[in-house]
Amino acid sequence: VSHGLTKAAFTRADLVEAIGARLPVDDADGPSPREVIERLADGVALRIGDERQEHQREGSGRYTAADLIAEERAILEVMGRRHSAAVLPSVDTTGLSADQARAVTAIATSERLVQPLSAPAGAGKTHSLRALRAAAHAGEIGRVVVVAPTGRAVDVALAEGAADTGATVASALADLRE
């Protein structure tokens with residue numbers, strides 16, 4: 001993502017800061033850096049939600065960017081793909097909570113090639129993914145891939161044995177396009 005923002009939604013101030021950090025210092029004649037930054041922000045920012053209400057703080061409006069929406073559309077296209085080889089013959093849910101076992105079983109019995117798993121920090125996503133990885137390897141599925149929004153999340157999943165390989169969403173989409 002060329003503007004440097006990693007969140008799907010951000011404030012205009014976040015966008016201006018990210019653009020300003022990437023703008024080369026140039027004291028040549030022409031528009032001021034502020035004018036350039038504002039013009040670039042106007043060209044990238046897409047408002048999500050309603051205009052600010054009187055009771056809301058100035059700058060509370062939320063925006064996203066066209067390239068982030070394009071990434072999300074590409075993910076949705078891939079998520080619809082199915083194949084019977086994605087179904088795991090069995091999965092051992094011993095040691096998982098009821099919610100974790102339900103999520104793991106739903107993923108293991110689905111033909112979907114892309115399976116989202118979203119939960120709050122500390123909910124046991126990595127622990128659940130380790131059970132899925134073990135089931136995949138027992139079922140002779142050779143490689144489990146984790147895709148996450150940030151490189152740090154991918155690194156944690158790999159270090160904790162939740163997958164065989166991993167990538168950020170942006171890099172995985174770039175690979176799929178090639």
- Item | Linear extension gain, Ala134 paired with Met79, 0.36 nm per residue minus alpha-carbon span | 17.6 nm
- So what's the angle, to the nearest 10 degrees on a 0 to 90 scale, between helix 98-108 and the longest Cα principal axis of the chain? 90 degrees
- Note on the structure: Label model pair Ala9, Asp42: point-to-point distance (7 angstrom along the Cα→beta-carbon line) in nm is 2.5 nm
- In nm², the average projected area of the convex hull spanned by the Cα atoms of the chain is 14.1 nm²
- Message: Positive end of the dipole of the stretch 73-160, charges at C-beta (+1 Lys, Arg; -1 Asp, Glu), about the Cα centre: which of Ala135, Gly80, Ile107 has its Cα farthest in that direction?
- Response: Gly80
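Each reported figure results from applying straightforward, stated rules to the coordinates on display, with no laboratory input. Keep in mind the model is a prediction, meaning the values are calculated, not measured. Backbone-built Cβ (ideal geometry, glycine too); neighbour counts: all protein chains shown.
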